[in-house]
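The structure appears below as structure tokens.
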Amino acid sequence: MAPLAIAVEKGFFKDEGLEVKLEAQPSWTELYKHVQSGELDAAHMLAAMPIASIIDTSSEKTPIVTPFTLSYNGAAITVSNNVWNEMKKTVVMENNRPKHPISASNLKPVIAEYKQQQKIFKLGMTYPMGTHNYMIRYWLAAGGIHPGTYDSAHNDTTGNTGSDVDLTVIPPPEMVSTMVEGVTSGYSVGEPWNQKAVKKGFGVPVITSDAIWENGSDKVFGLTKKFTEQNPTTTLKLVKALIRASNWLDENNGANRKEAAKIIAQDNYLRVDEDIIINSMTGVFEYEQGDVRPEKSFHTFFKGQYGIPYYSDAVWWLTQMRRWGQISTSQTDQWYLETAQKAYRPDIYVQAAQALIQEGKMQDTQFPSLKNNAFIKAPQTSALDHIVFDAKQPNQFLAAFKIGYK
């Protein structure tokens, strides 16, 4: 939510003649409902949410679109201290520190012990069709642990069919306390809740989302399709303000990040200690206490991706929905692209960027080529499992996985 807060605090919304009020929501579930119902005009949301609204088959379907990506790679997976102590026995070490990325295969002995004791190994995530669910499923499956599937044919919406672990929905602010209470043994969530665990001595982050899918969209700015059609000028102004806010966050090699951390630490935003937020917003990330490492591609806003809602990002999310059964049947490669194009709207972004350039508020050199841009990123290989994702061949991507639907 940093770009939204900065757009308010630095006056970027006011520069566009907009009066914007930010309202905290108790959970991703409630936020999604309130955007669909119109109680909220727009929101920062999990990057897969607009896509979920497009493939929704219910009678209450309300399509949501995104003209702007708010952040990239801002999530991580954390486990409790007890689980980490067991995992560490098999983790490969390098220069007396755990070698990253850490495979979920190191979690297998822990899960086996739970099963022997007839206990359920539970992990938290934030929303069934959201960033953190897909990240933890990808990590588990890459380590040979089945995270379970959704089975609509049998009305199973838990996502735990055939699973080795139980994944359960927990609101982000409750992730740490739920783990400390022993309800879960770890979780997948965005910042600052992973850094809070390590700073407070309650857990250890084991992998960041950029090691799973580098430069992948994390949060997006979502509005209903109806709102963008009825309020095209307002929509453009909102995107213009957010582009400037995101650029402010990343400009001059992140020189403004400490000021940003101070702003969003306030009670009316995240209500979290400033030093915890700084830990993941200044180009570093702390795993075990004292194990602070450079993470230049973690938690970025503008640089390199520019906030463009790339179709290829939407395709990646769609493949995970299919992989875990939320899309019940296999689809053609063309279907993936066409569905992505309904949810992700770079055409609106381009209009906003061009307006900023024409008004002299930003320079054309601050953007990539926007003309004749297909908005498909080049194929990339995951650092975790070395599988190649090519948005033009989503079925080939799915076929490469040993666990999950094709």
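Taking all Cα pairs closer than 8 Å and separated by 6 or more residues, the relative contact order of the chain comes to 24 percent. The shape of region 75-211 can be summarised by an equivalent ellipsoid whose semi-axes, obtained from the alpha carbon gyration tensor, come to 22, 17, 15 Å from longest to shortest.
For the chain, the dipole from Cβ point charges (+1 on Lys and Arg, -1 on Asp and Glu) about the Cα centre works out to 500 debye, to the nearest 20.
Considering only A24, T69, H44, the residue lying farthest towards the positive end of the dipole of region 1-70 is T69, judged by Cα position with unit charges set on Cβ. Sorted from longest to shortest, the spans of the Cα atoms of region 22-129 along the three principal axes equal 50, 36, 25 Å.
Using Cα centres only, tell me the gap between region 373-406 and region 1-51 in whole Å. Value for the Cα centre distance between the two parts: 30 Å.
Distance from the C-alpha centroid of region 330-368 to that of region 90-120: 41 Å, rounded to the whole angstrom. As a calculated quantity, the FRET efficiency between N96 and T365 at R0 = 51 Å, using C-beta atoms, amounts to about 0.70.
If the viscosity is 0.692 mPa s and the temperature 37 °C, what translational diffusion coefficient in µm²/s does Stokes-Einstein give for region 288-406 when Rh comes from Kirkwood over Cα pairs? Answer from the Stokes-Einstein relation: 199 µm²/s. When each of L46, L18, L356, L123 is scored by the number of other beta-carbon atoms lying within 10 Å, the sequence from fewest to most is L18, L356, L123, L46. Entry for the chain at q = 0.07, 0.10, 0.11 Å⁻¹: log10 I(q)/I(0) = -0.30, -0.63, -0.78, Debye formula applied to identical alpha-carbon scatterers, no solvent contribution.
Grab the beta carbon distance between K88 and K258, set R0 = 35 Å, and tell me the FRET efficiency rounded to 0.05. FRET efficiency, K88 to K258: 0.65.
Amide hydrogen proximity for T300: with H placed 1.01 Å from N in the peptide plane, the residues at 5 or more positions away or on another chain lying under 5 Å are Y72.
From the largest down, region 169-242 spans 48, 25, 19 angstrom on the principal axes of its Cα atoms. From helices alone, the chain scores -11000 deg cm²/dmol at 222 nm; the rule is -39500 (n - 2.57) for each run of n ≥ 4 DSSP H residues, then divide by the residue total. If the segment from K61 to Q230 were pulled out straight at 0.36 nm per residue, it would be longer than the present Cα-Cα gap by 59.0 nm. Where in region 107-170 are there trypsin sites (Lys or Arg not before Pro) that are in a DSSP coil and have at most 15 other Cβ atoms within 10 angstrom of their Cβ? Counting only loop positions with at most 15 other Cβ atoms within 10 Å, the trypsin sites (Lys or Arg not before Pro) in region 107-170 are K119. With loop defined by DSSP as not H, G, I, E or B, and exposure as at most 13 other Cβ atoms within 10 Å, which is the longest segment of the chain clear of exposed GluC sites (Glu not before Pro)? After excluding every exposed loop site, the longest remaining stretch is 182-358. Between V183 and D347, the distance separating the two model label sites (each 7 Å from Cα on the Cα→Cβ line) works out to 4.4 nm.
FYI, it's all coordinate maths here, none of it is from the lab. Note that this is a predicted model, so its numbers are computed, not measured. With ideal geometry, Cβ positions are generated from the backbone for all residues, glycine too; neighbour counts draw on all protein chains shown.
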